[in-house]
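Enquirer: Please find one structure pasted underneath; my questions will follow.
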Amino acid sequence: MNKQKVALALSRTFMGLSAVSMLMVSVMAFANPQSVMDLVNVKLYNTDAYSSIRGVYGGVGLSLFVAIVYMAWKDVKTGLRFLCMLWGFYALSRIITIFAEGSLGAFGSQWLKIESCFFLIALALSLV
């Protein structure tokens, strides 16, 4: 297999992993918004809160899933650049939190590592 085919296969695999991660949270948010917020020890107290979590994590997450899958088949380079932004901005938001509010807990620290690695993977694949 030549270098271009390997890069394309790795890129699509990574994009699939990213898409599935968005889909998992989206499905969880649609089915039970409280389960998403339980990950960060936040209690939802009213229907507007439930609706907002369904919208942001469910609806937006599902939109991201569809967009990533589409780009994986139609425009891999654009998809990888998009994932650079997505994972990079997720990581940046956690870094801003560290400076603004203090150190992250176990959940945030773990996801900062994952999001940073995913950013670097997307960046590396987009440069191939």
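The values are calculated or read from the model by the stated rules, or taken from the named source; none is laboratory data. These numbers were taken from a predicted model, which means no experiment stands behind them. Cβ sites come from the backbone with ideal geometry, for glycine too, and all protein chains shown count toward neighbours.
Enquirer: Just for region 48-69: of the residues that are surrounded by 17 or more Cβ atoms within 10 Å (Cβ to Cβ) and among the small types (Gly, Ala, Ser), which one is nearest to Arg81 (Cα to Cα)? It would help to see each step written out before you state the result.
Expert: Initially, region 48-69 is screened for residues surrounded by 17 or more Cβ atoms within 10 Å (Cβ to Cβ), giving 53-54, 57-58, 61-62, 64-65, 68-69.
Checking which are among the small types (Gly, Ala, Ser) leaves us with 58, 61.
Details: Gly58: 23, Gly61: 18 Å.
Taking the candidates together, the pick is Gly61.
Enquirer: Which number in (1) over 20 Å from the mean Cα position of the chain (by Cα); (2) of a type outside the set (Ser, Thr, Tyr); (3) at pLDDT 95 or above marks the one condition that Lys3 misses?
Expert: Condition (3) is where Lys3 drops out.
Enquirer: While we're on this one: If you go through region 21-51, how many residues are free of Cβ contacts under 8 Å to residues at least 40 places away in the same chain, among the aliphatic types (A, V, I, L, M) and closer than 20 Å to Phe118 by Cα? Don't jump to the end; show me each part of the working.
Expert: Start the filter on region 21-51 by keeping residues that are free of Cβ contacts under 8 Å to residues at least 40 places away in the same chain, which leaves 21, 24-38, 41-51.
Among the residues that remain, those that are also among the aliphatic types (A, V, I, L, M) are: 24-25, 27-29, 31, 36-37, 42, 44, 49.
Filter once more, so that each one left must be closer than 20 Å to Phe118 by Cα: 24-25.
Of the residues in that region, 2 qualify.
Enquirer: When residues of region 22-71 are filtered for being assigned to a loop (DSSP other than H, G, I, E, B) and under 25 Å from Ser109 (Cα atoms), how many remain? I'd like the intermediate steps shown before the answer.
Expert: At the first step, the residues of region 22-71 found to be assigned to a loop (DSSP other than H, G, I, E, B) are 32, 39-46.
Retained after the next criterion (residues that are under 25 Å from Ser109 (Cα atoms)): 32, 39-44.
Number satisfying all stated conditions: 7.
Enquirer: Additional query: Within the bounds of region 62-75, is there any residue that is in contact with a Pro (Cβ under 9 Å, 6 or more places away or on another chain) and farther than 17 Å from Phe119 by Cα?
Expert: Looking only at region 62-75, we keep the residues that are in contact with a Pro (Cβ under 9 Å, 6 or more places away or on another chain), and these are none.
The answer is no, given that none of the residues of region 62-75 is in contact with a Pro (Cβ under 9 Å, 6 or more places away or on another chain) and farther than 17 Å from Phe119 by Cα.
Enquirer: Separate question: Restricting to region 101-128, count the residues that are closer than 24 Å to Ile68 by Cα and in a helix (DSSP H, G or I).
Expert: Step one: of region 101-128, the residues closer than 24 Å to Ile68 by Cα are 108, 110-128.
Add one more test, that the residue is in a helix (DSSP H, G or I), and what stays is 108, 110-126.
Summing the residues that are closer than 24 Å to Ile68 by Cα and in a helix (DSSP H, G or I) in region 101-128 gives 18.
Enquirer: Could I ask something else about it? What are the residues in region 92-113 that are in contact with a Gly (Cβ under 8 Å, 6 or more places away or on another chain) and touching a residue at least 12 places away in the same chain (Cβ under 8 Å), if any? Can you show your working first?
Expert: First pass over region 92-113, keeping only residues in contact with a Gly (Cβ under 8 Å, 6 or more places away or on another chain): 94, 97.
Matches in region 92-113: Arg94 only.
Enquirer: Do any residues in region 73-91 that are assigned to a helix (DSSP H, G or I) and of a type in the set (S, T, N, Q) have Cβ atoms under 6 Å from those of residues that are at pLDDT 95 or above and surrounded by 16 or more Cβ atoms within 10 Å (Cβ to Cβ), where the two are at least six apart or on different chains, and which pairs are they?
Expert: That search, which allows pairs on different chains as well, returns Thr78/Met71.
Enquirer: Could you please let me know if Ile98 is surrounded by fewer than 19 Cβ atoms within 10 Å (Cβ to Cβ), among the hydrophobic types (A, V, I, L, M, F, W, C) and either outside any helix (DSSP H, G or I) or over 11 Å from the mean Cα position of the chain (by Cα) (or both)? Before you say what the answer is, go through the steps one by one.
Expert: On the way: surrounded by fewer than 19 Cβ atoms within 10 Å (Cβ to Cβ): yes; among the hydrophobic types (A, V, I, L, M, F, W, C): yes; either outside any helix (DSSP H, G or I) or over 11 Å from the mean Cα position of the chain (by Cα) (or both): yes.
Here the answer is yes, as Ile98 does meet what is asked.
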